[in-house]
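Here's the structure we're looking at; comments come further down.
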Amino acid sequence: MKTPILFGLALILSTFIHAQKKNAAFNIQIKKTTETITIDGKGDEETWKYAQPANDFFMVLPMDDRKATQPSEVKMAYDDRQLYLLATFYKTPGNTYVVESLRRDFSFGGNDNFLLFMDPFNNQTTGFTFGANAYGAQWDGTMFNGGSVDLNWDSKWVSEVQVYEDKWVVEMAIPFKSIRYEKGVDKWGINFSRLDLSTNEKSSWTPISRQFPTSSLAFSGTLDWDNPPPNQGLNYSLIPYVLGTVGNSTIEDVTYKDELKVGGDVKLGLSSSLNLDLTLNPDFSQVDVDRQVANLTRFELFFPERRQFFLENADLFSSFGYETIRPFFSRRIGLGVPIIAGARVSGNLNKNLRLGLMDMQTDKVDETGLPSQNFAVLSLQQKVFSRSNIGLMFVNKESLDYNALTDEQKTEYTRFNRNLGLEYNLASSDNKYTGKLFMLKSFGPDDSHNGIAQGANLTYSSRQWNWRVQQEYVSDNFVSEVGFVPRNNYINFNGSIGYLFLPASDKVVSHGPKFFGQYYFDPNLQSTDYVSVLGYEVNFLDRSSLSLDVFNEYVQLLAPFDPTNTDQEELATGTRHHWNGAYLQYQSKPKSLFTYQLVSRLGRYFSGGYRTNINAQLGYRFQPYVSLAATLSYNNLDLPSPWYTTDFWLVGSEADITFTNKLFWSTLFQYNEQSKNFSLNSRFQWRYAPASDLFLVYNSSEQLSPLEGKVWSLTLKLTYWFNR
């Protein structure tokens, strides 16, 4: 196993490159105010006349070698309770504003918007982001891994926007109790980002190379406080809910019971940087439903977590390992099984050490014999060098009253499953090098659950070159019942390389070739499957893009597999299949009222057959109140006997109506011909107070022939956020 050692040496050596913070010279002063600031988007208080401005922004896209053409100015202040921000964004008169909708946590690339990135610990790895689009829709999320953003996090704060012919102004008030920071620290990392789609210009207060997102904390400036931010004092929030649900089911063996339910969450600040979350009898009926996809793979698909309780500091629990080697995946808890209660402690113990501790208790399910189970997770993350860290994770799943189960139930459900992992995450100070090296060990009642998983990677990004090399290994007996590991018993090597030409053109921003290869082997290094992809991509000034890829793929089946995934005949284990094909993709410019993305796949398929796949995502907006979207996916499989020709559609249609930035109604229809299912989700939301909502949600799922039946429900849910 020399490869992991070489990877590890490369990761550690590259850590020492460029040790100083890139934009340390960019500073903005923030001073305390005694004036009452009204959040109205006008900024007419005396405080704003004397606050130091952050202006003279740098262009990031389409080119990063000049100043922005659209002027921007940001000012900040604070008092004993809140952090205030006033930002003014000038534009060329006559240019129209581009806004998709008033929906919270909008799509960054489809809106004229402003984003604030805060790094309260000044560690260039974690933080918070707040923002607004030009018509007042809010954006908030947590930041991790040096610039990744999780928009599922929701906090309590207020903002207002005023729109004029030549500018738009946003004003914010963020309570100190809504964020986490280290007591007594008077320097925070900070940056401001603006996207102006009328000129296709993305800009930043500090200079950032075009290959990096403006959220990259490695390029943040410094927020200098005249005094350290105030002590939060006693900080707690109570978030109770009450709901009523009615419904019915005509599907055989599926029942639906009307219910009245009460529960809620408690948030308690153990310190200004460490938080305790408690949940009792939680309910997630208002959470967005998963988008269905056509599955022609041999493995389980991944769907993201959307439940609020699991989201703050979620990276402490969810980012360990790789996307396909996760020791912890929170969706394994409580989907289809009632959660009785849960507790979680997360945050920073000090500037360099982060802690995540979670315990969840689920109820038993008499119908299936599933016992009551306890899920416990410990995660530690210690910062080392400039922006890297070392992580430790322990995951324990325990079945309670296990000895009371029958022998048949003991065969189906394990008594316990545990995972222990250690990893090193590299992030160089200039963000050009990133990487990871990790080892996982699983423990179970017998040797069939006692295995290992391991991986290493290194990535390099510059203005024109980017490359990545990765290696991973999962033993046959590695088991992660609370994780996401869709494949076992393999060694994998993969990598990519790309180059961008940056022409002096008024239409094309960049173009260039790219290569990706992924190669799987069994533990004896015998090839089992691979794919090699060679492509070319063109990025246009209007933010549209075009790419063409050709691929060469080989699969040796390790288990029987139906190539249509529709419960037809299966190909035998050990059979070998080889094919070629091509992908063509086009993404339209986002500032158009009508937007679309087209992806087509043409080529051979299993058993000498052919597969034709066409995907389209269409959108139209009546700015800013109505956004319509449709997803179309068509697959045609032309195979020999006994499959012959199989084709199926996946159709999704969504209407998103935002009456105001506090009143929303969305409806999603989905028809999946592959799984014979038609579903409808319609959700009305009224944010009648900050972070407090009234939901009315209708869900319907209809099974089509030959398994016919329907289940529907209507839920009314009220939540309120009390805090001090």
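Please treat every number below as a calculation from the coordinates, not as lab data. Bear in mind that the values here come from a model prediction, so they are computed numbers and not experimental data. Please note: Cβ atoms are built from the backbone with ideal geometry, for glycine as well, and neighbour counts cover all protein chains shown.
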Worksheet item: How high is the FRET efficiency between V287 and Q409 when r is their beta carbon distance and R₀ equals 30 Å, given to the nearest 0.05?
Response: 0.50
Worksheet item: Under a plain spin-label model, where a point goes 7 Å from the Cα along Cα-to-Cβ, how far apart in nm are F501 and R576?
Response: 3.9 nm
Item to complete: Figure the gain on full extension for L151 and D522 (residue separation times 0.36 nm, minus the Cα-Cα span) and round it to one decimal in nm.
Response: 129.7 nm
Item to complete: Specify whether the C-alpha gyration tensor of the chain places it in the rounded, prolate or oblate class, a ≥ b ≥ c being the square roots of the eigenvalues: rounded for a/c under 1.5, otherwise prolate if a/b is larger than b/c and oblate if not.
Response: rounded
Item to complete: For helix 2-15, report the angle its Cα long axis makes with the longest principal axis of the Cα atoms of the chain; keep it between 0 and 90° and round to the nearest 10°.
Response: 0 degrees
Fill in: Cross-link partners of K183 among aspartates and glutamates (Cα-Cα below 18 Å; sequence separation of 8 or more within a chain)
D79, D80, D119, D224, D226
Discussion item. Could you work out the pair-distance distribution P(r) of the stretch 513-668 from its alpha-carbon pairs, with 10 angstrom bin width and percents rounded to whole numbers?
Written reply: 9, 27, 29, 21, 12, 3, 0
Worksheet, complete the sentence: If R0 = 22 Å, then D567 and V651, at their Cβ-Cβ distance, give a FRET efficiency to the nearest 0.05 of 0.55
Response to the item:
With R₀ set to 45 angstrom, the calculated FRET efficiency between the beta-carbons of I390 and T297, to the nearest 0.05, is 0.85
Practice prompt. Kindly rank 313-319, 214-220 from highest to lowest mean number of other beta carbons found within 10 Å of each residue.
Written response: 214-220, 313-319
Worksheet, complete the sentence: With 0.36 nm assigned to each residue of separation and the Cα-Cα distance removed, A25 to L268 gains 83.8 nm
Discussion item. At 7 Å along Cα-to-Cβ for each site, give me the label-to-label distance between Y688 and L280 in nm.
Written reply: 2.3 nm
Fill in: Residues of type aspartates and glutamates that K21 reaches as a straight line, Cα spacing below 12 Å, ignoring anything fewer than 8 places off in the same chain
D430
Fill in: Paramagnetic reach from L238 in the stretch 683-720 [backbone N under 13 Å; point 7 Å along Cα→Cβ]
720
Worksheet, complete the sentence: Going fewest to most other Cβ atoms within 10 Å around each Cβ, T612, T125 line up as T612, T125
Item to complete: Would you list, by chain and number, the lysines whose Cα falls below 18 Å from the Cα of K397, excluding same-chain residues fewer than 8 positions away?
Response: K364, K410, K441
Worksheet item: Does the stretch 33-225 classify as rounded, prolate or oblate by the C-alpha gyration tensor (a ≥ b ≥ c root eigenvalues; a/c under 1.5 gives rounded; else a/b over b/c gives prolate, otherwise oblate)?
Response: rounded
Discussion item. Run the numbers for S448 and Y698: contour at 0.36 nm per residue of separation, minus the present Cα-Cα distance, in nm.
Written reply: 85.6 nm
Practice prompt. Taking the Cβ of each residue in M59, M360 as the centre, tally the other Cβ atoms inside 10 Å and list the residues starting with the fewest.
Written response: M59, M360
Worksheet entry | Cα gyration tensor, the stretch 227-331 - rounded (a/c under 1.5), prolate or oblate | oblate
